[in-house]
Ligand SMILES: *Cc1c(COP(=O)(O)O)cnc(C)c1O
């Protein structure tokens, strides 16, 4: 094989990309903000006239909360949804002024900081509402409150048992001007099974909860309940606003039904650190779980379980390098993994980029890993971490 310069030096960044472009990271996630914008447009079409709250919790499902938030707002999302107050404050600190809702906080969370930063607080209990009241009084600022009602997920949300008590207190606080009652929402248990009877049951309970609030003289400015799956498969449930997460990132929550034309936004890739020959009968990686059946060429990738490649997929995944797919052989280690290039007809060399999963034609898909791990692609895109550098492409024109 002829000697060529390390190929990585020729990797080019897409013009208009945002974020830190450190020079050719060894292992990175590349987040395509144009794909994010495309996915928002698809979801908005499905939502008809309803507004859209884009869920950017958990650092935008590990895609980078601030750049993703800017991209979704530019693509027409009206509001943002996150889990914690800290997540909401991160968006505000970046200068994002759109409405932001936070919905999972303990009763001793920093509600004063949320109120001061104009963050809408999702309340799931009377204790939480009392804590918000206290913070509103101490800051002298009206709190924006949204009720999260439990309609059958039996996780977060006001329980039916506590609901009257919460409404009584809320009514009092609204009358006093301590609280502005912004919205009501709930969350589905079975939205990824579009025909499941519990979906309609939850809708009916939600509508009843809104009616009960009205009996207390409480009328929300808007109501919302559809996550990605419901937005894509049950347009009749869009109400005033839809609240998708995973589909924004290009992954269909009902992938066995359709991908709806969504484009995965995350590409997880590593650059070939070493290419070498291995003789027939030699074992590769810890425990020698793979023995070369014939002399072959292998490539070493600097991505391991510390970077978010689960050890459990070892020897069962493929990576794409150039136009070809190559199998991972042997165990995934903390820092590295090995792929078999065979006789290496494509001339893979050190510095080349290997896609672990992504969205381009021929890329392995996060769903492939999910199938192997008996989990869902939501969890797979949350895996990359630690040394993995996140870079962005697309998003030209977003401020
Ligand atoms: C995470 C979450 C969503 C988004 O769900 P997807 O299935 O990712 O679309 C919507 N609402 C709430 C309350 C959530 O926790």
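The values are calculated or read from the model by the stated rules, or taken from the named source; none is laboratory data. Nothing here was measured: the structure is a model prediction, and the numbers come from that model. All Cβ positions, glycine included, derive from the backbone under ideal geometry; neighbour counts span all protein chains shown.
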TODO: Just give me the residues in region 107-157 being assigned to a loop (DSSP other than H, G, I, E, B) and within 14 Å of the ligand (Cβ to nearest atom), in sequence order.
DONE: 124, 150, 151, 152, 153, 154, 155, 156, 157
Open item on the list: Whether any residue in region 220-230 is buried (at least 23 other Cβ atoms within 10 Å of the Cβ), within 30 Å of residue 351 (Cα to Cα) and touching a residue at least 24 places away in the same chain (Cβ under 8 Å) is what I want to check.
Closed with: no
- [ ] Looking only at region 377-399, count how many residues are closer than 24 Å to residue 34 by Cα, modelled with pLDDT of 95 or more and not in a helix (DSSP H, G or I).
- [x] 11
- [ ] Report whether or not residue 43 is within 12 Å of the ligand (Cβ to nearest atom) and not in a helix (DSSP H, G or I).
- [x] no
Task: Condition met for residue 359 (modelled with pLDDT of 95 or more and either surrounded by fewer than 16 Cβ atoms within 10 Å (Cβ to Cβ) or part of a loop (DSSP other than H, G, I, E, B) (or both)) - done: no
- [ ] Report whether or not residue 322 is under 25 Å from residue 275 (Cβ atoms), modelled with pLDDT of 95 or more and more than 18 Å from the chain's Cα centre (by Cα).
- [x] yes
TODO: Determine, yes or no, whether residue 310 is farther than 30 Å from residue 181 by Cα, within 16 Å of the ligand (Cβ to nearest atom) and crowded, with 16+ Cβ neighbours inside 10 Å.
DONE: no
TODO: Among the numbered conditions (1) surrounded by 15 or more Cβ atoms within 10 Å (Cβ to Cβ); (2) more than 25 Å from residue 160 (Cβ to Cβ), tell me where residue 206 comes up short.
DONE: (2)
TODO: Consider residue 260 carefully, then state whether it is on the phi > 0 side of the Ramachandran plot, assigned by the TED database to the domain that holds residue 45 and more than 12 Å from the ligand (Cβ to nearest atom).
DONE: no
TODO: Considering only region 232-252, state which residues are within 12 Å of the ligand (Cβ to nearest atom) and farther than 19 Å from residue 72 by Cα.
DONE: 233
- [ ] Filter region 175-202 for residues that are farther than 11 Å from residue 147 by Cα, touching a strand residue (DSSP E or B) at 6+ places or on another chain (Cβ under 8 Å) and within 15 Å of the ligand (Cβ to nearest atom) and give the result.
- [x] 187, 188, 191, 202
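A quick yes/no check of all residues on (1) more than 17 Å from residue 147 (Cβ to Cβ); (2) within 16 Å of the ligand (Cβ to nearest atom); (3) more than 15 Å from the chain's Cα centre (by Cα):
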| site | (1), (2), (3) |
| --- | --- |
| 65 | yes, yes, no |
| 71 | yes, no, no |
| 74 | yes, no, yes |
| 81 | no, yes, no |
| 84 | yes, yes, no |
| 89 | yes, no, yes |
| 96 | yes, no, yes |
| 105 | no, yes, yes |
